[in-house]
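The values are calculated or read from the model by the stated rules, or taken from the named source; none is laboratory data. Quick caveat: nothing in here was measured; it's all calculated off a predicted structure. Virtual Cβ from ideal backbone geometry, glycine too; neighbours counted across all protein chains shown. Calculation scope for accessible area: heavy atoms of the full protein, side chains included, ligands and nucleic acids excluded. Shrake-Rupley method; radii C 1.70, N 1.55, O 1.52, S 1.80 Å.
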Amino acid sequence: MCLGWNVGNEPPLPEDKVFKTVASIAATHRRNHPVDDDPDTPLFDLQAASVGRFIGKDVLPRDWVLKDFIAKGMAGLLISPGGTGKSQLLLELAVDVATGQQYFSPWAPSVPGQVVIISAEDEEDEVHRRFARLVRQFAADPDGGARIRLLAENLYIVPRVGESNLLTHEQDGEIVPTALVDRLLQTLAPLRTSG
């Protein structure tokens with residue numbers, strides 16, 4: 001129906017724009033007017049929800065990025081006023097995760113892991129200064145060479161100062177990902193397959 005209406009427009013909208021607009025309206029409608037399932041069907045199986053399923057069974061250990069601080073697969077935020085050291089703390093945590101060794105962080109990393117920092121505030125020279133200060137501390141460490149090799153393999157820092165770094169935007173009343181999200185996922189795809 002909308003495509004038929006669009007034919008009469010001068011000039012007509014691109015077909016993909018019509019499809020996206022209809023999909024957006026439908027998604028908003030579904031969100032604002034959820035359809036109740038059959039009211040005679042129970043919402044869930046009460047017996048299956050019993051905590052009896054936990055009693056006497058071993059608890060699976062949590063998979064940590066940093067022990068007792070950041071669980072693998074969980075999102076987190078680091079928030080504080082400007083100039084309080086968030087970027088430095090993030091870099092120190094990243095170095096420990098990339099090397100798999102507790103050097104700067106009060107939390108122990110579980111294993112060496114790949115880390116990507118996209119910096120919207122610190123330019124290349126500032127990132128270099130901060131990183132160099134951390135790496136200098138490895139010079140006296142007997143394992144310093146191994147740590148530096150792990151850093152080169154696992155830690156990626158991309159300064160994007162002055163560039164558009166928005167991950168979402170409003171389109172037709174919906175909050176949708178920007179093209180940057182797809183480009184970022186495409187860029188990081190080799191890391192997901194290698195480790």
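Couplings 3J(HN,Hα) of the stretch 74-82, computed from phi: 9, 8, x, 10, 10, 10, 5, x, x Hz, in residue order, whole Hz [Karplus 6.51 cos²θ - 1.76 cosθ + 1.60, θ = phi - 60°; x for Gly and Pro].
For the chain, DSSP calls about 60 percent of its internal beta bridges antiparallel.
Taken over the chain, lysine pairs spaced eight or more positions apart, or on distinct chains, with alpha carbons under 26 Å apart number 4. If you take the Cα centroid of the stretch 80-158 and the Cα centroid of the stretch 2-33, the two points sit 47 Å apart. By the helix-only formula, in which each DSSP H run with n ≥ 4 contributes -39500 (n - 2.57) and the sum is divided by residues, the chain has a 222 nm mean residue ellipticity of -12500 deg cm²/dmol.
For the stretch 44-195, the share of accessible area belonging to carbon and sulfur comes to 58 percent (1.4 Å probe, ligands and nucleic acids excluded).
Rounded to the nearest Hz, the phi-derived 3J(HN,Hα) couplings of the stretch 158-172 under the Karplus curve 6.51 cos²θ - 1.76 cosθ + 1.60 (θ = phi - 60°) are 10, x, 10, 5, x, 9, 6, 10, 5, 9, 9, 7, 8, 9, 6, where x marks glycine and proline. Look at the alpha carbon pairs under 8 Å that are at least 6 residues apart: their mean separation over the length of the stretch 1-129 gives a relative contact order of 14 percent.
The overall shape of the stretch 16-130 is oblate: from the C-alpha gyration tensor, with semi-axes ordered a ≥ b ≥ c, the ratio a/c is 1.5 or greater and a/b is no larger than b/c. Derived from the Cα gyration tensor, the three semi-axes of the equivalent ellipsoid of the chain are 43, 30, 14 Å, largest first.
Leaving out ligands and nucleic acids, note down the accessible area per residue over the chain with a 1.4 angstrom probe, in whole Å². Spelled out: the 1.4 Å probe surface of the chain, per residue, equals 76 Å². For the stretch 48-53, backbone phi angles converted through the Karplus equation (6.51, -1.76, 1.60; θ = phi - 60°) give residue-by-residue couplings of 5, 7, 4, 5, x, 5 Hz, Gly and Pro being listed as x. When each of the peptides 44-53, 101-110, 178-187 is scored by the mean number of other C-beta atoms lying within 10 Å of its residues, the order from highest to lowest reads 101-110, 178-187, 44-53.
Let a ≥ b ≥ c be the square roots of the eigenvalues of the Cα gyration tensor of the stretch 22-74; is it rounded (a/c under 1.5), or, if not, prolate (a/b larger than b/c) or oblate?
Numbers: a/c = 5.92, a/b = 1.42, b/c = 4.17.
In terms of gyration-tensor shape, oblate.
Residues within the reach of a label modelled at K86 (point 7 angstrom out along Cα to beta-carbon, backbone nitrogen below 18 Å), restricted to the stretch 164-189, are 164-168. Amide H to amide H, with H built 1.01 Å from N, V65 comes under 5 Å of I70, A71, K72, counting only residues 5 or more places away or on other chains. Hey, if you put +1 on the Cβ of every Lys and Arg and -1 on every Asp and Glu Cβ in the chain, which of L167, A48, G100 ends up farthest toward the positive end of that dipole? Highest projection toward the positive end goes to G100.
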